1. Just the residues that are in contact (Cβ under 8 Å) with a residue 12 or more places away in the chain and either out of contact with any Phe, Trp or Tyr (no Cβ under 9 Å at 6 or more places or on another chain) or more than 11 Å from the ligand (Cβ to nearest atom) (or both), please, taken from the range 74-90.
2. For the range 1-26, which residues satisfy the criterion of being of a type in the set (S, T, N, Q) and either within 16 Å of the chain's Cα centre (by Cα) or assigned to a loop (DSSP other than H, G, I, E, B) (or both)?
3. Could you tell me which residue of the range 27-54 is surrounded by the fewest Cβ atoms within 10 Å (Cβ to Cβ), considering only residues that are charged (D, E, K, R) and part of a helix (DSSP H, G or I)?
4. Given the conditions (1) free of Cβ contacts under 8 Å to residues at least 60 places away in the same chain; (2) touching an Asp or Glu at 6+ places or on another chain (Cβ under 8 Å); (3) surrounded by fewer than 17 Cβ atoms within 10 Å (Cβ to Cβ); (4) not acidic (Asp, Glu), report the number of the one that residue 174 does not fulfil.
5. Only one of 137, 175 is within 29 Å of residue 99 (Cβ to Cβ) and acidic (Asp, Glu); which?
6. Those residues that are within 8 Å of the ligand (Cβ to nearest atom), outside any strand (DSSP E or B) and surrounded by 14 or more Cβ atoms within 10 Å (Cβ to Cβ), I need them from the range 103-120; list them, please.
7. How many residues, within the range 142-170, are more than 15 Å from the chain's Cα centre (by Cα) and more than 9 Å from the ligand (Cβ to nearest atom)?
Amino acid sequence: MECLDLTTERLLLRPLSLSDRDLSGELRTNPEVVKYLGEPMTPDGVEQYMPVWIRRGGPNGCIGVWRASIKVTGEKIGTGALLPLPIEEEDTNWDTIIENEMPDGDTEVGYILKQSAWGKGYATEICRCLLRFAFEESPLNEVVATFDIENRKSRRVLEKCGFTDKGMRRAYAHEAPDFRISCDQWIANGQAG
Ligand SMILES: CC(C)(COP(=O)(O)OP(=O)(O)OC[C@H]1O[C@@H](n2cnc3c(N)ncnc32)[C@H](O)[C@@H]1OP(=O)(O)O)[C@@H](O)C(=O)NCCC(=O)NCCS
């Protein structure tokens, strides 16, 4: 597998590994952080899920979760992900994430940050970085996104990254916003390197 570390102006994105259980615990057990994502997990639940979250799929492992850290301090601030979008299920079907196979269906981008890192533009930086990776280094031709309708910050991040609002769709077993960006649109937006 190729090295899948990605860099932005301020951040290093590295595939999530078992050594990131501290970060995953901090994110997933905090009710404020998961307010629009579901119920907070217990530390034991996080420990159980770690082997699943570090799974990678697609050619050269292009689908999966990355953890983001600040380059100059090394502080881990959150995660970004490219994952199959669940439609009638409440969660990703991790069984579809198989090395050297692209899952069928839509691939969504997502991001979850520690509260101390909110409001500094980091989610936008992570999202742009994953779009660049998706369109320049992976076979993906389109990336989708959805969010809780109340999560206006997440919507704003997607707008800043050039996503188009396509109305509503089925996702996570609910009617949810349908945001999309194609590789052509990304190039037309002048975001290609
Ligand atoms: C949502 C989240 C990822 C945003 O991260 P962030 O690093 O603070 O986002 P950014 O700073 O890159 O951008 C946020 C934008 O939302 C804007 N914003 C903040 N509060 C807002 C509000 N109440 N309504 C509308 N826009 C708002 C900010 O001003 C900024 O836009 P701007 O640059 O045009 O000013 C972060 O709050 C988080 O991790 N939340 C918990 C997990 C989560 O909900 N993830 C998304 C799942 S879909």
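1. Those that are in contact (Cβ under 8 Å) with a residue 12 or more places away in the chain and either out of contact with any Phe, Trp or Tyr (no Cβ under 9 Å at 6 or more places or on another chain) or more than 11 Å from the ligand (Cβ to nearest atom) (or both): 76, 82, 83, 84, 85, 86, 87, 88, 89, 90.
2. 7, 8, 17, 24
3. Among them, the one singled out is 44.
4. Result: residue 174 fails condition (2) only.
5. Answer to the selection: 137.
6. Of everything in the range 103-120, those that are within 8 Å of the ligand (Cβ to nearest atom), outside any strand (DSSP E or B) and surrounded by 14 or more Cβ atoms within 10 Å (Cβ to Cβ) turn out to be 114, 117, 118.
7. Qualifying residue count for the region: 10.
So that you can scan it fast, the table gives a plain yes or no per residue for (1) farther than 25 Å from residue 25 by Cα; (2) in contact with a strand residue (DSSP E or B) (Cβ under 6 Å, 6 or more places away or on another chain):
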| site | (1), (2) |
| --- | --- |
| 81 | no, yes |
| 129 | no, yes |
| 139 | yes, no |
| 167 | yes, yes |
| 170 | yes, no |
| 181 | yes, yes |
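Quick note: the coordinates plus some simple rules give every number you see, no bench work behind them. Remember, predicted model here, so these are calculated numbers, not experimental data. Every residue, glycine among them, receives a Cβ derived from its backbone with ideal geometry; neighbour counts consider all protein chains shown.
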